[in-house]
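Trainee: To start, I am sharing the structure in question, which I have written as structure tokens.
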Amino acid sequence: MTRTTQITILVVLLALLSLFYQGLWGDPRHIPPVLVGTQAPIFQGPDVESGEPLSSEQFKGKVILVNFWASWCQECKVEHEDLLRLHEEFKDHPEFVMLGINYQDEVPKARAYLKQYGSSFPHMRDVKGALAIDFGVYGVPETFVIDQQGVIRHKWIGPIVGDVYTNLTKNILTPLLKGTEPTT
Amino acid sequence: MSRLLPMIILLCFAFPIEGLAKTVDETEIDERVREIAKHLRCTVCQTENIWESGAPLAHQMRDVVRERVTLGHSNEDILIYFHSRYGDYIMMEPPKHGFNWLIWLGPFLLLLGGGVLLAREIKGWVTRTPAPPTEVLPPLDEESRRRIEQELQP
């Protein structure tokens, strides 16, 4: 066997091994989301703080930013301040709505979290975890942007901080609210 | 009393039959939930299916499967629903299309490639092994023959 053949075999084997490794143990956040570009599910549930029923139907025709979070999630704490900043930046736009979805949590702990870190937009409870499954959620935090037609236009797994925040506000939300196509 | 006796006997039979019917239905639902859940991958534990996983998300997914089975959805419909939410990643058996073919055919291709390489190597060894000498040896002279025969004598 020539030296070239040996090197080729080694490279092919390593490539296959890395593919299998990525497939079996890779980080799910790098998997292309299948829901982007599809109609968002209609969702409803009680408000975390008041217990009053909330439904996505109330926000029909608006750009909705949906953020899945939990009080036990460390990365959610990291992004919380930025989420409040994002809401402050866009809250006056008549077509903008922001909604938190509290995932796999206990109500007292979720309420205490909101009290401690602040809350300026409504939060819905995902009582049985079915909402998260409807949105194809892997873990928290995950953020979705739904356009005026009810189509999911963007998904991000992980905290909304730094460049992610800039990309979300400048390239996704601003164009959608202006009625133009978002850029990634 | 004699008139009531058949009714009492009938009631005794009626209640266990109803209970048995419920048990059978429940078992069928459980079996279907298990069958479907074994086809779905736990997205947070990654190498387990949602039937075997103890993760809260897997538990919630099992609940969704059970709810849909109870509502009368077919196994295929339920699998399609999960696939529409999570894509190929959720399926324990990757669907046979596009890049996934590599997973299905990869092991066989490796086996085939390995077999071809092994055959080539064996052929190389055989070719490189020196052939036995083909030259004709000179015949024994008379003196040597006699000496050998003497030595062979008991």
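The values are calculated or read from the model by the stated rules, or taken from the named source; none is laboratory data. Given the structure is predicted, the values throughout are model-derived calculations rather than measurements. Ideal geometry is used to build each Cβ from the backbone, glycine not excepted, and the neighbour counts take in all protein chains shown.
Trainee: Regarding region A:35-43, can at least one residue be identified that is within 19 Å of the chain's Cα centre (by Cα) and away from every other protein chain (no Cβ under 14 Å)? Steps first, answer last, please.
Mentor: Here is the first cut: in region A:35-43, the residues within 19 Å of the chain's Cα centre (by Cα) are A:35-43.
Of the ones still in play, those that are also away from every other protein chain (no Cβ under 14 Å) are A:42.
Taking every residue of region A:35-43 in turn, at least one turns out to be within 19 Å of the chain's Cα centre (by Cα) and away from every other protein chain (no Cβ under 14 Å).
Trainee: Assess whether A:A110 counts as being under 26 Å from B:M61 (Cβ atoms) and either without any contact (Cβ under 8 Å) to a residue 24 or more places away in the chain or among the polar types (S, T, N, Q) (or both).
Mentor: On the way: under 26 Å from B:M61 (Cβ atoms): yes; either without any contact (Cβ under 8 Å) to a residue 24 or more places away in the chain or among the polar types (S, T, N, Q) (or both): no.
So A:A110 does not fit the description; no.
Trainee: In region A:130-184, which residue that is basic (K, R) and surrounded by fewer than 18 Cβ atoms within 10 Å (Cβ to Cβ) is nearest to the chain's Cα centre (by Cα)?
Mentor: Taking region A:130-184 and keeping what is basic (K, R), we get A:153, A:155, A:170, A:178.
Among the residues that remain, those that are also surrounded by fewer than 18 Cβ atoms within 10 Å (Cβ to Cβ) are: A:170, A:178.
Details: A:K170: 17, A:K178: 22 Å.
Across region A:130-184, the extreme among qualifying residues is A:K170.
Trainee: If you don't mind, there's one more thing I want to ask. If you go through region B:40-84, how many residues are of a type in the set (A, V, I, L, M, F, W, C), in a loop (DSSP other than H, G, I, E, B) and closer than 17 Å to A:F135 by Cα?
Mentor: Narrowing region B:40-84 to residues of a type in the set (A, V, I, L, M, F, W, C): B:40, B:42, B:44-45, B:50-51, B:55, B:57-58, B:61, B:64-65, B:69, B:71, B:78-80, B:82.
After this cut, where a residue has to be in a loop (DSSP other than H, G, I, E, B) as well, the list is B:42, B:44-45, B:50-51, B:55, B:71.
The next check asks that each one be closer than 17 Å to A:F135 by Cα; those that pass are B:42, B:44.
Counting residues in region B:40-84 that are of a type in the set (A, V, I, L, M, F, W, C), in a loop (DSSP other than H, G, I, E, B) and closer than 17 Å to A:F135 by Cα gives 2.
Trainee: Could you check how many residues of region B:88-106 are surrounded by fewer than 11 Cβ atoms within 10 Å (Cβ to Cβ) and assigned to a helix (DSSP H, G or I)?
Mentor: Adding up the residues that qualify gives 2.
Trainee: Checking the structure you have, find out if any residue of region A:52-69 is closer than 21 Å to A:E142 by Cα, assigned to a loop (DSSP other than H, G, I, E, B), among the aliphatic types (A, V, I, L, M) and modelled with pLDDT of 85 or more.
Mentor: No, the conditions are met nowhere in region A:52-69.
Trainee: Could you list all residues from region A:148-162 that are free of Cβ contacts under 8 Å to residues at least 40 places away in the same chain and on the phi < 0 side of the Ramachandran plot?
Mentor: Listed by number, the residues that qualify are A:Q149, A:W156.
Trainee: Moving on. Name every residue in region B:31-55 that is in contact (Cβ under 8 Å) with a residue 40 or more places away in the chain and within 14 Å of chain A (Cβ to nearest Cβ), in order of residue number.
Mentor: Within region B:31-55, B:I36, B:L40, B:R41, B:T43, B:N49 qualify.
Trainee: I'd like the residue in region A:137-147 that is in contact with a helix residue (DSSP H, G or I) (Cβ under 9 Å, 6 or more places away or on another chain) and at pLDDT 95 or above and, out of all such residues, is farthest from the other protein chains (Cβ to nearest Cβ).
Mentor: In this case the residue turns out to be A:D147.
Trainee: Just checking, how many residues over region B:61-70 are within 25 Å of the chain's Cα centre (by Cα) and within 7 Å of another protein chain (Cβ to nearest Cβ)?
Mentor: Qualifying residue count, region B:61-70: 1.
Trainee: Here's another thing I want to ask about it. May I ask you to say which residue of B:L137, B:L102, B:L112 is at pLDDT below 85 and either within 22 Å of the chain's Cα centre (by Cα) or among the small types (G, A, S) (or both)? Don't jump to the end; show me each part of the working.
Mentor: Numbers: B:L137 fails: either within 22 Å of the chain's Cα centre (by Cα) or among the small types (G, A, S) (or both); B:L112 fails: at pLDDT below 85.
When all the criteria are applied, what remains is B:L102.
Trainee: Which numbered condition in (1) closer than 27 Å to B:I29 by Cβ; (2) away from chain A (no Cβ under 12 Å); (3) among the small types (G, A, S) is the only one that B:A58 fails?
Mentor: For B:A58, the exception is condition (2).
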